[in-house]
Amino acid sequence: MTDPTHLTILVADDNTTMRDGMQEILVKAGYTTNVASSGEEAADALKTRRFDILITDYKMAGMSGMDLLRRTADLSPETAVIVITAFGSIDLAVEAMKAGAADFLTKPFSMEELLIRVGRVAALVRERRAAELAAAETEYLRAEENLRFNYGEIVGESPEMQTIYRTIQKLARSGSSVLITGESGTGKELAARAIHNSSGRAGKPFIRVNCGALAEGVLESELFGHEKGSFTGALRRKKGRFELADQGTLFLDEIGDIPASTQIKLLRVLQEKEFERVGGEETIQVDVRVIAATNRDLDAAVKAGGFREDLYYRLYILPLHLPPLRERTSDIPLLAGHFLTLLNRDTLHRPVTLGPDAVAVLTLYDWPGNIRELSNVIERAAVLSEGPEISGRQLQQLIHPGPGPAAPSGIHIAGNVMDLDARLAQVEKEMLQQALSASGGVKARAARMLGIKESALYYKLEKYGLLKKR
């Protein structure tokens, strides 16, 4: 956006003396000024560049000043217009103002009066421009904040998730098929919904099918629908998920589990955008974007002959891989705090936070079930908690049920409780430092990221010598 203090003016007048005289005065006053000898020439200029103010004579040969005023409203609605006329009257002034003129100046006028009128309009333009800049900056910061911490229902601020968010934005702009890969529980459906909701199909149906949960015959009926009497129990015609998702998005979860016969029919839909219901002869055409997901290695399945190569490449046009939680451990406090916030609001109706050692225990664990397992553990811990805080020991018992505390996967504990306490303290201090860095030093935000009260954060910062002295 241009400098809000620098304004450009276009003067339209078929009188050469008047036109050049106004240009000279305005240039001396510091305005960048262009001139046009007719309404048509001025309209052409408005098509090619932006002018902050248009000064136009009311009566010109060809396109009149009033016609140019109305044309400017279409071509450059942000341009303020001053109408000049030798035929001053209340009716003309009212007509010009109703058509959108910012001011109305009657001939004859002095150049001092011209500068005063232009200065008033210029002040309004500058004020509006400054407001636009402030609004744009606010919107940019809000978008950056949202992109940094979440995308739709996805939560995370790690570098890995920032890459995922940017990829989702790119995928949303395309209409091609997407294949989302990742371990179970990494949020593949949330990513699919984010792509749909950020695309031109937002507001249209988002239909989900779990291909691994349905038998072969049932899956075909679910995807393509069936006609009445096409098989035992088909008492009426049923629309399939492709029909229901028309104009929207169809999410095929666990795509690697579909049988070979269904793979052939799915490939045809992706290629031809048409199919027949089970037991039917009518060819149905649909406009559906397909997003598929799997936790299997489809490339290996293709090589082993378990998945069609042509279908694989039809789905693999736009790939998106979601990292496991163990590869983005810095997101664990933010995720845990997010789940607690939802539980406090929707289920518990009482405040529950993570205790001093809880975050460290969560961070040390490998989370083979990924985000789904973390959500489950946090919910169980919050529901079973008798006090306002979830302790690290309570989480250890939920993660490693048994008579005694167990070490998180990949962590060696020498059998001495003090070793565990020292390790937990080390990790907790590191998490505090990470939260402070990620929040830009804003302690309220750091506390939210860690899922603890702000008062508890100050206690911990002082405990580890991280609270700066004033």
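The values are calculated or read from the model by the stated rules, or taken from the named source; none is laboratory data. This one's a predicted model, so the numbers in the text were calculated from it and none came from an experiment. Cβ sites come from the backbone with ideal geometry, for glycine too, and all protein chains shown count toward neighbours. The area values use the complete protein model at the heavy-atom level, side chains included, leaving out ligands, DNA and RNA. Shrake-Rupley method; radii C 1.70, N 1.55, O 1.52, S 1.80 Å.
Of all residues assigned to segment 323-341, at least one qualifies as being open to solvent by 60 Å² or more (accessible area, probe 1.4 Å), farther than 30 Å from residue 218 by Cβ and touching a strand residue (DSSP E or B) at 6+ places or on another chain (Cβ under 9 Å). For segment 301-322, taking the residues that are of a type in the set (A, V, I, L, M, F, W, C) and open to solvent by 50 Å² or more (accessible area, probe 1.4 Å), the one that is farthest from residue 375 (Cα to Cα) is identified as 304. For segment 9-31, check the following and say yes or no: at least one residue is of a type in the set (Lys, Arg) and either more than 41 Å from the chain's Cα centre (by Cα) or under 26 Å from residue 134 (Cα atoms) (or both). Yes, the conditions are met somewhere in segment 9-31. Take the residues of segment 33-67 that are closer than 21 Å to residue 109 by Cβ and among the β-branched types (Val, Ile, Thr): which is most open to solvent (accessible area, probe 1.4 Å)? If we take residues in segment 33-67 being closer than 21 Å to residue 109 by Cβ and among the β-branched types (Val, Ile, Thr), then 35 is most open to solvent (accessible area, probe 1.4 Å).
Taken across segment 294-304, residues that are within 26 Å of the chain's Cα centre (by Cα) and either touching a residue at least 60 places away in the same chain (Cβ under 8 Å) or within 16 Å of residue 221 (Cα to Cα) (or both) do occur, with at least one present.
Applying the criterion of at least 2 residues that are on the phi < 0 side of the Ramachandran plot, in contact with a Leu (Cβ under 6 Å, 6 or more places away or on another chain) and touching a residue at least 12 places away in the same chain (Cβ under 8 Å) to the strands (runs of 3 or more DSSP E) found wholly in segment 53-128 leaves 53-57, 80-85. Residues to consider are 194, 215; find the one that is over 21 Å from the mean Cα position of the chain (by Cα) and over 20 Å from residue 273 (Cβ atoms). Only one candidate passes the filter, namely 215. Contact annotation: residue pairs with Cβ atoms under 8 Å, 6 or more positions apart or on different chains, pairing a residue in segment 377-402 that is open to solvent by 80 Å² or more (accessible area, probe 1.4 Å) with a partner that is modelled with pLDDT of 85 or more and not in a helix (DSSP H, G or I), are 388/352; 388/353; 389/352; 389/353; 389/354.
I'm trying to understand the selection: among the residues of segment 84-101, which are under 44 Å from the mean Cα position of the chain (by Cα) and crowded, with 19+ Cβ neighbours inside 10 Å?
96, 101 - these are the residues of segment 84-101 that are under 44 Å from the mean Cα position of the chain (by Cα) and crowded, with 19+ Cβ neighbours inside 10 Å.
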